[in-house]
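Following: one structure in C-alpha cells, then a few remarks.
The values are calculated or read from the model by the stated rules, or taken from the named source; none is laboratory data. Since we're looking at a predicted model, the values are computed, not measured. Here the Cβ positions follow ideal geometry from the backbone for every residue, glycine too, while neighbour counts run over all protein chains shown. What goes into the accessible areas is simple: the full protein's heavy atoms, side chains included, and nothing from ligands, DNA or RNA. Shrake-Rupley method; radii C 1.70, N 1.55, O 1.52, S 1.80 Å.
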Amino acid sequence: MTRRICHLDMDAFFVSVEELYDPSLKGKPVIVGGRPNQRGVVSAASYAARKFGVHSAMPLRQAAKLCPHAIFVEGHMDRYREYSGKVYAVLERFTPQVEMASIDEAYLDLTGTERLHGPLLEAAHKLHETIGRETGLNCSLGLATSRLVAKVASDQAKPNGVLWVMPGQEAPFLAPLDVRRIPGIGKVAASALQDLGIRKVGDLANLEEAFLRQRFGKWGLAMAGKSRGEDAGGWFDGEIGEHEQPKSISHETTFSEDIADRERLEATLWRLAEMVGARLRQHSLYARVIQLKLRNADFETITRAESLDAATQLDNEIAETVTALFRKAWNGKTLVRLIGVHAGALEESEGQMSLLEETHKQRLRGAFRAVDHLRDKYGDKVISLAKGMAVNVREYVHENAPGIPGKGPKPPKE
C-alpha cells in the first residue's frame, strides 16, 4: 500500500495567535520574542516584518535596526500551547498516527483512511478547512509518500496552501531545489557539497552513492537517499506517532543586564531547577547527572557537572546540587550574562535505596506532583520553592517548548 503522509505547518503561528487576541496587529510588521532593546532572539516574525529581512533566531536588537517601526511582542507560551492543543485535537480526528514535531508542526500518516476521509487530496482539503474553521489560523500542508518530501512540500505551499507530490514524482520535485531545502542538510554540509559543485538536489542525486560514502561516510548514503525523496537518516527514523523520551532536559536564562548578585543568581538557579524537575516528572524520568552552565560578560562559557549517587527528579535535590556547583565555580565578582541548569544521564527509576529513603522520596514526589498540578491549572507563578520566589524567570518563546500537546511523555508511573 502506498504511504499517504501529510506534513502540516502552521503559518506564522506565534504571530497569528497574537493577532487573534489583538486584531489590530493584522497586516503590520510584528516581531515575537521580546522588546527591541532586549537581549534574546526573534521567535517569529510576521510576513510584513520578513520583507525587511527579519527572521527567526535573529538578535532582537538587529531586528529593531532592520525594522524600527515593527511592533515587538514578548509572547505568551500559554496561548500558543492552547492553540497547539486545538490543532492537535483536529489532527487526532483524522488519524491516530499523529506526531507533533514542534508546537506548530505535525506529521500525519493518512494511509488506510480513504473510507473515512476519501482520496488523499480531498482529505487534505478537509483537514485544511477544519483547522481554519476551528482555530481561526492558517496552515500549509504537504502531501507525499515520505515525511521528507511532505515537509519540503508544505514549505513550498506557504502561505495557506496545499501541495501534493504524486507518487513517482519525488525526485523531479526535489531536483531544482537548493540542497539546503533538504531537512538535515545544514550550513556545514551544504558548504562541503558546494565545494564539490553540488548546489541543487538534482546535482546531489546524480552522484554515485559510493563517492558520497567515501566523502561523507554513512551521512553520504543518507544524503543520497534524501535526494531521491526517501526518509533516510536522522530526523525520520521510526514510525509516525512514536514518542521518544528526551536524552536530557535543561533550562537557562539570559539576564537583561550582566549581574554579579549572588542572591539573585542562586535564586535563579532554584527557579530553573524547579522547571527542570517539573519536566523530569512530566516524562517520568530521573537524572543521574546535574550540570551548571555559566556564561560571563565576555561570552566565555563554563560548565560544571556532578554525578549523583541516586537519580532524582526532585526540585530541591537538583537545586541543592547545582547551587553547590555554582559556589565552587563562581568567584563572586565576575559578571554573569547567562545561567542554566541541565539534567543528563536520564533513567526510568531512581535506583536501589533503603526503605526509609524510599518512603521519604515518595512523599516528596507526591508533593511535587501536586505542585505540578496546581501550576498546570493556575500558572507557573502560583507556587514556588521559597529560594526561587525572589526572581521571575521568563519562559522563552520557541517551537520546542515543554508541554506541547501531542508531543507527550509517557504517563507517570503510579
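A Stokes-Einstein calculation at 25 °C with viscosity 0.890 mPa s, built on the Kirkwood radius of the stretch 96-137 over Cα pairs, returns a diffusion coefficient of 217 µm²/s.
So for each of 89-96, 213-220 I average, over its residues, the number of other beta carbons within 10 Å; can you give me the resulting order with the highest mean first?
Details: 89-96: 16.5, 213-220: 14.0.
Ranked from most to least packed, the peptides come out as 89-96, 213-220.
Going highest first, how would you order 303-314, 265-276 by mean Cβ packing within 10 Å? Walk me through the numbers on the way to the answer.
On the way: 303-314: 17.0, 265-276: 24.2.
Averaged packing, sorted descending, gives the order 265-276, 303-314.
Can you give the translational diffusion coefficient of the chain in µm²/s, computed by Stokes-Einstein from the Kirkwood radius over Cα pairs at 25 °C and 0.890 mPa s? Here the translational diffusion coefficient equals 104 µm²/s. For the residues 128, 69, 117, a GNM of the chain with alpha-carbon springs under 10 Å puts the largest fluctuation on 69. At the listed q of 0.13 Å⁻¹, the Debye profile of the stretch 191-317, built from one uniform point per Cα, gives log10 I(q)/I(0) equal to -0.80.
Can you send over the carbon and sulfur percentage of the accessible area for the stretch 29-152, probe radius 1.4 Å, protein chains only? If you can, show how the numbers build up before the last one.
Details: 2760 of 5140 Å².
In the stretch 29-152, the share of accessible area belonging to carbon and sulfur is 54 percent.
Cross-linked pairs 187/226; 65/293; 333/361; 158/187; 86/361: Cα-Cα separations exceed 25 Å for 65/293; 333/361; 86/361. For residue 162, the residues whose modelled amide H falls within less than 5 Å of its own, excluding neighbours fewer than 5 places apart on the same chain, are 141. Excluding same-chain residues fewer than 8 positions from residue 200, which aspartates and glutamates have a Cα within less than 13 Å of its Cα? Of all the aspartates and glutamates, those that pass the test against residue 200 - Cα under 13 Å, at least 8 places apart if same chain - are 178. Amide H to amide H distances under 5 Å link residue 335 with 297, where only residues 5 or more positions off or on other chains count and H is placed in the peptide plane. Backbone amide hydrogens, once placed in the peptide plane, bring residue 72 within less than 5 Å of 31, excluding anything fewer than 5 places away on its chain. Solvent-accessible surface of the chain, taken per residue with a 1.4 Å probe and all protein chains present: 50 Å².
Multiplying the residue separation of residue 1 and residue 302 by 0.36 nm and subtracting their alpha-carbon distance yields 103.1 nm.
Per residue of the chain, the DSSP helices (runs of n ≥ 4 H) give a summed -39500 (n - 2.57) that works out to -12000 deg cm²/dmol at 222 nm. Sequence-ordered 3J(HN,Hα) estimates for the stretch 81-88 from the Karplus curve with 6.51, -1.76 and 1.60 and θ = phi - 60° stand at 5, 4, 6, 4, x, 5, 5, 4 Hz, glycine and proline given as x. Taken along the Cα-to-beta-carbon direction at a fixed 7 Å, the label points for residue 284 and residue 213 span 4.1 nm.
Ratio of Rg to Rh for the stretch 292-348: 1.01 [Cα atoms; Kirkwood radius as inverse mean 1/r over pairs]. Listed by chain and number, the aspartates and glutamates placed with their C-alpha closer than 17 angstrom to that of residue 28 are 11, 18, 19, 74; residues fewer than eight positions away on the same chain are left out.
Viscosity 1.306 mPa s, temperature 10 °C: Stokes-Einstein D of the stretch 41-161 from its Kirkwood Cα radius, in µm² per second?
Values: Rh = 16.1 Å.
Rounded, D is 99 µm²/s.
Phi angles of the stretch 52-67 translate, via the Karplus equation with coefficients 6.51, -1.76, 1.60 and θ = phi - 60°, into HN-Hα couplings of 9, x, 7, 8, 4, 6, 6, x, 4, 5, 5, 4, 5, 5, 6, 9 Hz per residue; Gly and Pro are given as x.
Sorting 134-140, 42-48 by their mean Cβ neighbour count within 10 Å, with the most densely packed peptide first, gives 42-48, 134-140. 3J(HN,Hα) couplings calculated from phi for the stretch 314-328 with the Karplus curve 6.51 cos²θ - 1.76 cosθ + 1.60 (θ = phi - 60°) are, in sequence order, 8, 4, 5, 5, 5, 5, 5, 5, 6, 5, 4, 5, 4, 5, 7 Hz; Gly and Pro show x.
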